[in-house]
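> Quick one: this structure, given as structure tokens, is what I'll be asking you about.
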Amino acid sequence: MNYEKFYADRVKPMKGSAIREMFKRMQDPQIISLAGGNPAAELFPGDELSKIAGKILMTNPTGALQYGTTDGVPAMKECAKQRANKVGAYSDGDAIIIMTGANQGIDLTAKALINKGDKIIVESPSFIGSLNAFRTYETELVGVSVEDDGMNMDELEAALKNNEDVKMIYTIPTFQNPTGVTMSLEKRQRLIALANQYDVLVLEDNPYGDLRFSGEDVPTLKSMDTEGRVIYAGSFSKILSPGMRLGYLIAAEELIGKIEILKQVNDVHTPVLTQLMCVEFMKKYDIDKYIEKNRALYGKKCAVMLEAMEKYFPKGKVRWTVPDGGIFLWCECPEIEDISVVVDKALEKKVAIVPGSNFAIDMKAPSKQFRLNYSSATPEKIEEGVRRLGEALAEVLA
């Protein structure tokens, strides 16, 4: 049966993530993946969480397995508030809602705010999950390039000046996905000033902010907001477990009230059991010491990748970012018109990377860039994967 005529207009042009599609091609255990965005599995506190889950189900099965409130378990909201307070992302007049992953918060924010034809200014490149969420609501995406210190503010100002119906600026200012760069303090201050001047909202996505392994912390946009413009999306996925699907959204109480209604329709509430597990973990263990283990490991793995790139990539043919945290870095090959040929060649050599087109506003346009992930593979596999990738690049360039 041909279902094409039944699809809603808003989903007909949508394409799935090339990252997820690549996973289907990576069943071969010999393939080294530098493609995904998975945290290091060796860091998962499996023993601790299994004991916590068992205790909860033995002592409070009804509380864990019954329906819960849409905005979240009160103790879980308090945990999220504690994390947010560390970066100044909660203030008087704000409210918190627990999400089934931060991406749900981004999706429901767009659903609450965006009409067909409205415009959202986004970093170019940006996270495909958010871009696809915005596309679902038939918005027009306006791209602003990303420099070594974050979004180009002159381009942002021009985009605000030259485009009517801009509702929101979406940004990942700290260890951006896919580039790994961090927006400077000066640019953050200017972004807030521009948002105030042009009367637009800001959606600050901060899933990687806890993962700094070098450099100095930079204040969140939310901490600089004096007019209630910034909506802040946080996550426990990268510091505890992505499979638990725990994120949160912080914004003005009025905005959160609207988003809560949409969440009631979407999934009623985030699973109570995983919320209670997170609460108990935070009570029993020092989450900051646990995060330090994450930072140390990712710093080591990033250093291994950077050293291997210097060693194995064709000299002078590839440029890349040097992140201070997070789990990604970004590469550009100026002499290669379409990086997809490198992606295919790399897969032949049993290594997987993600083409830059996956993070573009126009996903059909050829890209000279690709993203690398250093969090999930072992240091040994990172070096070997980069070596194979270097061979693929050399062969294509030749």
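The values are calculated or read from the model by the stated rules, or taken from the named source; none is laboratory data. Since the structure is predicted, the reported quantities are computational estimates derived from the model, not experimental observations. Here Cβ is always computed from backbone atoms with ideal geometry, including for glycine, and neighbour counts include all displayed protein chains. For accessibility, only protein heavy atoms count, side chains too; no ligands or nucleic acids. Shrake-Rupley method; radii C 1.70, N 1.55, O 1.52, S 1.80 Å.
> Consider K289 carefully, then state whether it is open to solvent by 60 Å² or more (accessible area, probe 1.4 Å) and either in a helix (DSSP H, G or I) or within 20 Å of M76 (Cα to Cα) (or both).
yes
> Also: Kindly indicate which of R388, R371 is closer than 21 Å to V322 by Cβ and either of a type in the set (D, E, K, R) or out of contact with any strand residue (DSSP E or B) (no Cβ under 7 Å at 6 or more places or on another chain) (or both).
Just one listed residue meets the conditions, R371.
> Return the only residue of V304, V279 being touching a Phe, Trp or Tyr at 6+ places or on another chain (Cβ under 8 Å), in a helix (DSSP H, G or I) and surrounded by 16 or more Cβ atoms within 10 Å (Cβ to Cβ).
The match here is V304.
> Right, something else. Go through (1) in a loop (DSSP other than H, G, I, E, B); (2) over 22 Å from I250 (Cα atoms) one by one and return the number of the condition F175 breaks.
(2)
> Would you pick out the residues in the range 116-127 that are modelled with pLDDT of 95 or more and open to solvent by 10 Å² or more (accessible area, probe 1.4 Å)?
If the condition is that a residue be modelled with pLDDT of 95 or more and open to solvent by 10 Å² or more (accessible area, probe 1.4 Å), then D118, K119, S124, P125, F127 are the ones that fit.
> When the residues of the range 371-396 are filtered to those that are charged (D, E, K, R) and either at pLDDT below 95 or part of a helix (DSSP H, G or I) (or both), which remaining residue is most open to solvent (accessible area, probe 1.4 Å)?
Here the residue is E380.
> In the range 325-370, how many residues are of a type in the set (D, E, K, R) and open to solvent by 60 Å² or more (accessible area, probe 1.4 Å)?
Adding up the residues that qualify gives 8.
> Moving on. Which one is farthest from A193 (Cα to Cα), of the residues in the range 156-168 that are in a helix (DSSP H, G or I) and either open to solvent by less than 20 Å² (accessible area, probe 1.4 Å) or touching a Ser or Thr at 6+ places or on another chain (Cβ under 6 Å) (or both)?
A159
> Under the condition of being in contact with a helix residue (DSSP H, G or I) (Cβ under 9 Å, 6 or more places away or on another chain) and not in a loop (DSSP other than H, G, I, E, B), which residue from the range 307-326 is farthest from A346 (Cα to Cα)?
The qualifying residue farthest from A346 (Cα to Cα) is G325.
> When the range 205-233 is examined, which residues are found to be closer than 18 Å to F328 by Cα and either part of a strand (DSSP E or B) or open to solvent by less than 30 Å² (accessible area, probe 1.4 Å) (or both)?
Result: D205, N206, P207, Y208, G209, L211, R212.
> Quick one: in the range 143-155, which of the residues that are without any contact (Cβ under 8 Å) to a residue 60 or more places away in the chain and part of a strand (DSSP E or B) is surrounded by the fewest Cβ atoms within 10 Å (Cβ to Cβ)?
Among residues in the range 143-155 that are without any contact (Cβ under 8 Å) to a residue 60 or more places away in the chain and part of a strand (DSSP E or B), the one surrounded by the fewest Cβ atoms within 10 Å (Cβ to Cβ) is S145.
> Follow-up. Out of everything in the range 329-352 that is in a strand (DSSP E or B) and in contact (Cβ under 8 Å) with a residue 60 or more places away in the chain, what residue ends up being farthest from the chain's Cα centre (by Cα)?
Of everything passing the filter in the range 329-352, V351 is farthest from the chain's Cα centre (by Cα).
> List pairs: first residue in the range 309-328 and under 15 Å from N206 (Cβ atoms), second residue of a type in the set (K, R) anywhere in the structure, Cβ distance under 9 angstrom, at least six positions apart or on different chains.
D324/R212; G325/R212; G325/R295; G326/R212; G326/K238; I327/K238; I327/K301; F328/R371
> If you don't mind, there's one more thing I want to ask. Here is a check on your reading of the model: is V230 over 30 Å from E48 (Cα atoms), β-branched (V, I, T) and touching a strand residue (DSSP E or B) at 6+ places or on another chain (Cβ under 6 Å)?
In short, yes.
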